[in-house]
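What follows is a short report on a single structure.
The values are calculated or read from the model by the stated rules, or taken from the named source; none is laboratory data. Keep in mind it's a predicted model, so treat the numbers as computed, not measured. In this analysis, Cβ positions are derived from the backbone assuming ideal geometry, glycine residues included, and neighbour counts consider all displayed protein chains.
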Amino acid sequence: MNAQILDGKALSRIVRDRVKDRVAALAAKGVQPRLDVLVAAQDPASLAYVRMKRKWCEEAGMISGVYEVNEATTQDELIAKIHELNADPAVHSVLLQHPLPKHLDENEALLALGPDKDADGITPQSLGRLFADLPGFRCATPLGIMTLLAHYGIEIEGKRAVVVGRSVILGKPAAHMLLQKNATVTIAHSKTRDLPALCREADILVAAVGRAELVRGDWIKPGAVVVDAGYNKVEGRSGDVGDVCFGEAAEVASWITPVPGGVGPMTVASLMSNAVDAAERTVA
Ligand code: NAP
């Protein structure tokens with residue numbers, strides 16, 4: 001293996017330690033940061049992510065309330081719950097864990113969520129602030145990616161970046177954050193022609209696709225930095241599998257994120273950091 005590891009697990013520990021210090025400083029002012037989560041009760045993967053988020057929040061001294069929504073939850077009940085959390089001064093931030101049950105309108109729920117409590121940075125208000133280059137909460141996963149690149153001193157300015165995936169929570173904001181750091185960015189998607197050739201142009205390649213090991217070693221420019229945001233379940237294999245074939249890519253890349261232990265832990269650490277920001281704003 002030639003590539004060095006962008007170690008999200010280790011860096012998330014550092015970010016979470018900083019969060020813990022900030023939580024202690026808030027405690028001295030009588031404030032305990034609280035991040036509440038709405039999650040689909042029938043989705044085992046979501047419940048597992050939420051359990052981990054809650055554990056890390058509690059380790060840092062934060063409170064994390066969890067509300068399960070299920071097939072019986074109506075849209076009106078969901079919106080009423082969001083309004084209740086918006087109005088509760090003890091709740092500093094709220095996360096809508098994607099995906100909510102299919103019968104619920106997630107966009108309407110995100111529009112209802114107060115932008116001051118959007119620690120995940122995925123409401124239209126937060127995304128608008130990102131695209132307008134205004135301060136605001138930044139989406140947790142792309143923020144985690146940018147924190148990882150900064151920590152390892154990866155130069156971005158002037159580099160050619162390719163982001164594969166254009167979702168609102170990941171691909172698009174990741175591309176914009178790279179653009180803000182003066183990369184020249186291309187966003188690829190399922191209709192992109194000759195994706196391997198495009199990827200081979202990238203000095204920084206971000207895979208945010210949701211297709212196990214789609215990106216192969218020969219799609220990667222020698223010396224490129226490869227960030228794999230993918231988490232995929234593959235029959236017959238335990239754990240999560242990334243969007244990049246790690247074994248092949250690590251032979252060619254200069255730096256690479258592993259799955260697990262790369263982007264995933266950085267997402268949770270970034271969410272926690274944003275949640276503490278939200279609490280700090282209430283005492284500023
Ligand atoms: P998504 O909403 O399903 O978006 C996937 C994107 O990939 C779409 O833009 C799609 O293109 C594109 N795509 C699909 N197949 C493709 C192909 N064969 N070639 C090129 N592009 C293709 O997924 P997401 O929510 O962004 O998540 C992407 C991955 O990241 C998933 O594995 C997810 O589990 C993972 N994820 C990880 C974290 C984390 O904390 N690490 C957080 C969120 C998501 P179209 O737009 O044309 O359909």
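For the range 205-214, the criterion of being closer than 16 Å to residue 159 by Cβ and without any contact (Cβ under 8 Å) to a residue 60 or more places away in the chain is met by at least one residue. For the range 200-209, the criterion of being within 19 Å of residue 266 (Cβ to Cβ) and away from the ligand (no atom under 16 Å from the Cβ) is met by at least one residue. Residue by residue through the range 168-194, note down the ones that are within 8 Å of the ligand (Cβ to nearest atom), touching a helix residue (DSSP H, G or I) at 6+ places or on another chain (Cβ under 8 Å) and of a type in the set (Ser, Thr, Tyr). Scanning the range 168-194 gives a single hit, 192. Within the range 237-280, the set of residues being away from the ligand (no atom under 16 Å from the Cβ) and modelled with pLDDT under 95 comprises 238 only.
In the range 150-167, the residue that is surrounded by the fewest Cβ atoms within 10 Å (Cβ to Cβ) out of those that are within 16 Å of the ligand (Cβ to nearest atom) and of a type outside the set (Lys, Arg) is 167. The C-beta contact set for the range 146-164 (first residue of a type in the set (Ser, Thr, Tyr), second residue more than 16 Å from the ligand (Cβ to nearest atom), distance under 7 angstrom, 6+ apart or interchain) comprises 152/255. For first residues located in the range 55-81 and at positive phi, partners that are surrounded by 12 or more Cβ atoms within 10 Å (Cβ to Cβ) and of a type in the set (D, E, K, R) and lie 6+ apart or on another chain with Cβ distances below 9 Å form the pairs 61/20.
Of all residues in the range 215-256, those satisfying the criterion of being surrounded by 24 or more Cβ atoms within 10 Å (Cβ to Cβ), farther than 18 Å from residue 148 by Cα and without any contact (Cβ under 8 Å) to a residue 60 or more places away in the chain are 215, 219, 220.
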